[in-house]
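So the structure is just underneath, and the comments pick up after that.
The values are calculated or read from the model by the stated rules, or taken from the named source; none is laboratory data. Fair warning: this is a prediction, and the values are worked out from it, not measured in the lab. A quick note on method: Cβ atoms are made from the backbone with ideal geometry, for glycine too, and the neighbour counts reach across all protein chains shown.
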Amino acid sequence: MQPRRIVLLGSTGSIGTQAIDVVDGAPHLFEVVALSAGGGNLELLARQAVHTGAAAVGIASGDAKQLENLIADAARRAGRQGYRPEIICGPDASTRIAEIPADVVLNGITGSIGLAPTLAALKSGATLALANKESLIVGGALVKAAAREGQIVPVDSEHSAIAQCLRSGSANEVDKLILTASGGPFRGRTREQLHSVSPREALAHPTWDMGLMVTTNSATLVNKGLEVIEAHLLFDIPLDRIDVVVHPQSVVHSMVQFVDGSIIAQASPPDMRLPIALGLGWPDRVPKAASPCDWSRATSWSFEPLDSRAFPAVDLAKDAARQGSTFPAVFNAANEEAVNAFHQGSIRFTDIVDTIAAVLSEHPGSSGLTVESVLEAEGWARARAHERLAVSSL
């Protein structure tokens with residue numbers, strides 16, 4: 001059997017680098033044919049290109065000639081002087097890379113800029129291993145209409161867990177989806193205590209090692225709100241049947257409750273290589289993709305309800321999803337602007353979600369969902385958030 005041809009979008013990020021680890025561990029199953037990245041770490045991208053032997057490499061920004069030279073240097077050091085991949089440069093590089101013939105496109109880009117590559121991957125006919133939740137959230141029905149049944153395989157650990165648990169029953173037997181949340185670095189704090197937390201504290205996640213945006217979103221629980229919308233879209237379960245429970249150990253990644261009262265949970269030590277491997281190999285499992293739980297040691301898992309007053313982002317995300325149209329895109333765009341302002345020292349931590357709520361309350365909505373309407377709504381949300389943030393920072 002030939003290895004599956006893999007395209008990696010966002011290869012220099014956390015998801016991309018771990019995906020290469022998965023491929024390295026199963027070279028008989030997977031072959032990387034193309035890579036793309038934003039362009040902020042050209043040296044790493046060059047090493048990845050040489051290491052994987054990808055036929056094409058894309059960067060959204062940066063000097064294509066510099067990347068070419070770095071690849072040549074890396075190839076010489078690796079004894080692969082003849083390696084010369086096609087280099088694609090420009091803001092649409094990831095979209096063009098996603099169109100390259102492949103069996104699986106892993107979208108590990110962060111943010112709604114992943115929408116066009118997501119649509120391109122679906123149009124190509126490849127399986128889309130989706131770690132870029134924002135593209136589904138802002139694209140909504142647009143993305144779902146572009147996908148054939150079973151074409152999107154979730155890579156977020158929570159949604160991968162749900163997909164695995166759903167194998168235990170039929171669709172009409174599902175009562176609830178239960179997403180677990182670590183609670184982030186501020187679990188147990190009141191809203192008043194959250195006013196004064198610093199950017200450094202917000203980036204000190206107790207479980208996961210992620211980038212600035214995702215780590216901050218996990219601290220505010222905006223990330224969990226986005227995941228609720230993603231679960232609603234992926235699995236066609238109404239929002240009022242999707243719950244969030246805090247599980248600090250991050251070993252149970254999510255659960256499905258069935259109509260007879262049975263609850264099926266997926267558990268494994270926190271390691272993104274497992275859901276990545278499932279995304280690449282679905283529906284088959286990849287042997288030794290990650291280490292299992294160690295049952296020779298005593299351990300305990302705890303669960304507690306979400307404090308919606310201290311962390312209102314989940315309820316706010318559900319409201320945005322109920323309104324539909326471009327409201328989820330506005331939620332996401334306003335959040336990104338507020339997170340950046342927080343890390344610049346312009347606003348307080350609690351102002352992040354307050355800004356999202358204020359911008360959502362002013363959004364007029366859109367008559368239809370298209371790529372153009374999504375981009376227009378995002379532009380409006382970013383501008384309105386900037387106006388509010390300028391006042392908040394005074």
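A quick yes/no check of all residues on (1) assigned by TED's automatic domain parsing to the domain that holds L122; (2) touching a residue at least 40 places away in the same chain (Cβ under 8 Å); (3) closer than 18 Å to S124 by Cα; (4) among the aliphatic types (A, V, I, L, M):
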| residue | (1), (2), (3), (4) |
| --- | --- |
| G16 | yes, yes, no, no |
| V23 | yes, yes, no, yes |
| P27 | yes, no, no, no |
| L42 | yes, no, no, yes |
| V50 | yes, no, no, yes |
| A56 | yes, yes, yes, yes |
| R84 | yes, no, no, no |
| V105 | yes, yes, yes, yes |
| T110 | yes, yes, no, no |
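Residue-by-condition table, conditions (1) out of contact with any helix residue (DSSP H, G or I) (no Cβ under 9 Å at 6 or more places or on another chain); (2) in a helix (DSSP H, G or I); (3) under 28 Å from A181 (Cα atoms):
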{"residue": "Y83", "(1), (2), (3)": "no, no, no"}
{"residue": "S94", "(1), (2), (3)": "no, yes, no"}
{"residue": "L106", "(1), (2), (3)": "no, no, yes"}
{"residue": "K123", "(1), (2), (3)": "no, yes, no"}
{"residue": "R148", "(1), (2), (3)": "no, no, no"}
{"residue": "H159", "(1), (2), (3)": "no, yes, yes"}
{"residue": "I162", "(1), (2), (3)": "no, yes, yes"}
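Are any residues in region 183-205 part of a loop (DSSP other than H, G, I, E, B) and touching a helix residue (DSSP H, G or I) at 6+ places or on another chain (Cβ under 6 Å), and if so, which ones?
L203, A204, H205
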Long-range neighbours under 8 Å by Cβ, at least six apart or interchain, first residue surrounded by 20 or more Cβ atoms within 10 Å (Cβ to Cβ) within region 350-368, second of a type in the set (A, V, I, L, M) and not in a helix (DSSP H, G or I): T355/I347
L306 of a type outside the set (F, W, Y) and within 19 Å of the chain's Cα centre (by Cα): no
Tabulated pairs, region 164-193, first closer than 16 Å to R309 by Cα, second part of a helix (DSSP H, G or I) and among the hydroxyl-bearing types (S, T, Y), C-beta under 6 angstrom, 6+ apart or interchain: G184/S218
Residue count for region 257-313, restricted to those that are closer than 30 Å to F30 by Cα, in a strand (DSSP E or B) and not hydrophobic (A, V, I, L, M, F, W, C): 1
Where a residue in region 219-231 is crowded, with 24+ Cβ neighbours inside 10 Å and outside any helix (DSSP H, G or I) and its partner, wherever it lies, is among the aromatic types (F, W, Y) and modelled with pLDDT of 95 or more, with Cβ under 6 Å and at least six apart: L221/F311
Meets criteria (under 16 Å from V33 (Cβ atoms) and either modelled with pLDDT of 95 or more or not in a helix (DSSP H, G or I) (or both)) for P117: yes
Residues (over 25 Å from G211 (Cβ atoms), at pLDDT 95 or above and not in a strand (DSSP E or B)) located in region 1-33: P3, A26, P27, H28, L29
Some residue of region 206-213 being of a type in the set (F, W, Y), outside any helix (DSSP H, G or I), under 22 Å from A265 (Cβ atoms) and not assigned by TED's automatic domain parsing to the domain that holds G10: yes
Qualifying residue in region 382-389 (condition: modelled with pLDDT of 95 or more, closer than 19 Å to L226 by Cβ, assigned to a helix (DSSP H, G or I) and in contact with an Asp or Glu (Cβ under 6 Å, 6 or more places away or on another chain)): yes
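Conditions (1) of a type in the set (G, A, S); (2) farther than 21 Å from I113 by Cβ; (3) surrounded by fewer than 18 Cβ atoms within 10 Å (Cβ to Cβ), marked per residue:
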{"residue": "M1", "(1), (2), (3)": "no, yes, yes"}
{"residue": "L42", "(1), (2), (3)": "no, no, no"}
{"residue": "A74", "(1), (2), (3)": "yes, yes, no"}
{"residue": "P85", "(1), (2), (3)": "no, yes, no"}
{"residue": "D92", "(1), (2), (3)": "no, no, yes"}
{"residue": "T95", "(1), (2), (3)": "no, no, no"}
Test: residue in region 326-341 that is farther than 29 Å from V197 by Cα, modelled with pLDDT of 90 or more and not aromatic (F, W, Y): yes
